[in-house]
Amino acid sequence: MVNLPIEYSSKPVTPFGGMSLMKRFVDQVGIREKLDSLPLPQPGSNRGYDPKQVIESFWLSIWTGASRYIHCDWLRYDKVLQSIFGWQCMPSQSTYSRFFGKFSQGLNTEVFPALQHWFFDQINTGALTIDFDSTVITRYGEQQGSAKGYNPNKRGRNSHHPLMAFVSQTRMVANAWLRPGNTAASSNCKAFMEETFKEALKGKEVGLVRADSGFYNEEIMSYLEEEQLNYILAVRMYPNVKSEVWGLKDWVSLTKGIELNEMKFTHEGGKIRRYIIVRKQVAIRPDATGKQLFEDEPGYRYSCYVTNMELPLDQIWNMYNTRADCENRIKELKNDFGLENFCLHDFWATEASFRWIMVAYNLTSLFRHFALNHHRRATLSTLKSYCFALGAWTVNHANKKTLKISLPVKRRSWMEGIFSQVNNSSPPFNYSNE
């Protein structure tokens with residue numbers, strides 16, 4: 001086997017020429033103008049970076065594959081990519097740390113709900129389905145707020161325990177808070193919901209609220225009823241709930257191996273509400289979700305939901321089942337957007353980077369829907385290999401700089417089509433109700 005001879009060139013080349021698509025899309029969205037109106041931390045000297053560039057550089061680092069602050073330094077050597085975005089240079093790892101370190105609890109509360117409200121004000125859709133969930137982010141140091149708590153994957157490890165709200169129709173993040181790792185599942189849930197509905201989604205119609213069992217408590221259910229919001233919440237199988245389920249008769253067969261039932265139930269001091277119970281036969285459906293509740297019935301797994309709607313049993317269950325898509329959103333945020341790894345010592349600095357990642361995710365969701373028509377399939381990893389990772393360089397001719405993208409002839413019309421879609425995409429972004 002003959003090895004090719006090696007030579008070197010000083011010609012600036014980027015492996016991410018396709019990011020010119022995202023740059024033009026960000027231009028179309030108009031988010032920079034909104035950033036100008038927010039009280040972002042300002043540089044301490046005339047030589048400091050504009051806050052908008054620090055934020056956009058952070059997004060660009062994530063979109064090109066960074067999952068830690070040290071990875072952001074890679075792009076400082078990519079002069080072509082800097083030219084695409086109109087920058088002379090890019091921030092270093094320490095610049096990001098100092099910038100996010102200026103965020104406090106008060107500043108986070110002032111900046112992010114207003115930014116999320118502006119974001120969703122650019123979007124037209126029908127009544128929204130909002131999915132609330134929590135997740136666990138394992139930490140390996142002594143960062144503020146990292147503590148031992150519920151951590152199913154890394155038992156005994158320190159963690160953070162964030163809350164997240166997703167808009168089902170758009171597959172975007174409506175709101176997100178970071179919480180210490182030893183926080184109880186239901187802690188701050190009502191306040192989080194209030195900020196989501198009354199600030200981030202102010203003026204939007206909410207048709208349905210779905211949430212996991214961490215949100216199952218009297219305070220949350222009473223709040224949703226006071227706000228006249230339809231809800232379906234997963235139920236924690238407390239002993240008194242299990243006792244009521246055990247006494248149920250007349251199960252309704254939905255399909256082979258799945259039966260449904262309902263009951264009226266109240267916890268002490270609470271309100272009587274409607275509960276939907278799903279029972280799955282493990283022998284027929286070995287991958288069935290749910291919990292084995294009774295030693296006398298080892299062949300069944302149960303799930304339980306509480307709702308204030310009067311729809312048929314199967315409709316309630318089917319409406320809740322589609323909520324599983326938010327688990328895919330969390331998985332993508334962790335795998336592709338570095339959600340678990342952008343961490344600083346200061347808690348509010350970590351939350352700031354955490355919430356800026358959510359904005360980067362929302363911009364990506366808009367891009368794949370309106371520029372690529374890949375609303376359901378394309379993850380960031382797919383986008384990078386699909387249209388971002390394209391070799392490119394710049395040339396100067398007649399005092400005009402041009403970006404040259406390496407692309408086979410038969411794919412050029414496809415690329416031009418995406419550029420056309422981007423150029424025709426601007427607020428308001430209209431989502432179909434289908």
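The values are calculated or read from the model by the stated rules, or taken from the named source; none is laboratory data. The model shown is predicted, which means the values in this text are computed figures rather than measured ones. For neighbour counting, all protein chains shown are included, and Cβ atoms are generated from backbone atoms with ideal geometry for every residue, glycine included.
Numbers below:
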quantity	calculated
Subset of the range 150-169 (residues that are closer than 25 Å to W118 by Cβ and surrounded by fewer than 20 Cβ atoms within 10 Å (Cβ to Cβ))	S168, Q169
Number of the condition not met by L208 [criteria: (1) out of contact with any helix residue (DSSP H, G or I) (no Cβ under 6 Å at 6 or more places or on another chain); (2) modelled with pLDDT of 95 or more; (3) under 16 Å from Q116 (Cα atoms)]	(3)
In the range 223-240, the residues that are at pLDDT 95 or above, part of a helix (DSSP H, G or I) and out of contact with any Phe, Trp or Tyr (no Cβ under 7 Å at 6 or more places or on another chain)	Y223, E225, E226
Selection within the range 393-434 - over 30 Å from F119 (Cβ atoms), of a type in the set (D, E, K, R) and outside any strand (DSSP E or B)	K410, R411, R412
Residue ID - surrounded by the fewest Cβ atoms within 10 Å (Cβ to Cβ), chosen from residues in the range 134-149 that are at negative phi and touching a Phe, Trp or Tyr at 6+ places or on another chain (Cβ under 7 Å)	Q144
Single residue of the range 285-316 satisfying the filter (under 15 Å from G257 (Cα atoms) and of a type in the set (F, W, Y)) that is farthest from the chain's Cα centre (by Cα)	Y300
Candidates N182, N175, filtered to the one that is in a loop (DSSP other than H, G, I, E, B), outside the structural domain of K271 (by TED's automatic domain parsing) and not hydrophobic (A, V, I, L, M, F, W, C)	N182
Residue selected from the range 115-167 under the condition at pLDDT 85 or above, touching a His at 6+ places or on another chain (Cβ under 9 Å) and of a type in the set (A, V, I, L, M), by the criterion nearest to L229 (Cα to Cα)	V136
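Listed here are the residues, each with its yes/no results for (1) under 24 Å from S37 (Cα atoms); (2) touching a strand residue (DSSP E or B) at 6+ places or on another chain (Cβ under 6 Å); (3) in a helix (DSSP H, G or I); (4) polar (S, T, N, Q).
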{"residue": "E56", "(1), (2), (3), (4)": "yes, no, yes, no"}
{"residue": "A66", "(1), (2), (3), (4)": "no, no, no, no"}
{"residue": "L81", "(1), (2), (3), (4)": "no, yes, yes, no"}
{"residue": "W87", "(1), (2), (3), (4)": "yes, no, no, no"}
{"residue": "F112", "(1), (2), (3), (4)": "yes, no, yes, no"}
{"residue": "D131", "(1), (2), (3), (4)": "no, yes, no, no"}
